[in-house]
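Structure record follows, encoded as structure tokens.
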């Protein structure tokens, strides 16, 4: 958003043509009906991709002052969106009409800078996830994921079920549950009902 704030005329355009709403935790923000570009003003969204069998793969998180670049591609090229974004922490989201977004590409270099910066961030996220899935042990992936979730929420507790954790890491719930129990026995974390507390000194 900092690049957008450099241009007062662009910010006035955004304020004039966008619609902003607040969504509670657990809300579904977009899917096949997506017809505008979202920018998260506060809160956290979890973005997942669905396949033809209805299974979901976790892609990345969208935090304050960020947008979902995959949804932008789908909207700009009028493709069916197979993404789902769920609110992890209560979120305030601004929606920008696609016709205005296209106009701004021609008129405002700051808008282009914002979109390209968003692409760079998400590309790094996806590369990191791919590297983790291919090269790292499941224990390392689980701990890295939990640290990321803890950093996003800003609290000591990560609210998540074993099934959701397994789904996000594309693995089996039974395997994840056994690993979490092993980590609990080592004193690395403490398990609760649909919550996990990391006991490490560092993130």
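Derivation of every value follows stated rules applied to the coordinates shown; laboratory data play no part. Computed from a prediction, not measured in an experiment: that's the story for all the values here.
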Computed, not fitted: 222 nm per-residue ellipticity of the chain from DSSP H runs ≥ 4 (each -39500 (n - 2.57)), nearest 500, equal to -14500 deg cm²/dmol
Semi-axes a, b, c in Å (a largest) for segment 137-198, each sqrt of 5 times a Cα gyration tensor eigenvalue, come to 16, 13, 11
If one compares the long axis through the Cα atoms of helix 98-107 with the longest principal axis of the Cα atoms of the chain, the angle in degrees, nearest 10, works out at 70
If the chain between residue 107 and residue 25 were fully extended at 0.36 nm per residue, the gain over the current Cα-Cα distance would be 25.9 nm
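Calculate, in nm to one decimal, what residue 184 and residue 120 gain on full extension: separation in residues at 0.36 nm each, minus their alpha carbon distance. Let's see the in-between values first.
On the way: separation 64, 0.36 × 64 = 23.04 nm, distance 3.61 nm.
So the chain would gain 19.4 nm between residue 184 and residue 120.
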Rounded to the nearest 10 degrees, the helix 138-153 long axis (Cα) sits at an angle to the longest Cα principal axis of the chain of 50
Helix 109-135 sits off the longest principal axis of the Cα atoms of the chain, rounded to the nearest 10 on a 0 to 90 degree scale, by 20
Applying the gyration tensor rule to the Cα atoms of the chain (axes a ≥ b ≥ c; rounded if a/c under 1.5, else prolate if a/b exceeds b/c, else oblate), the class is prolate
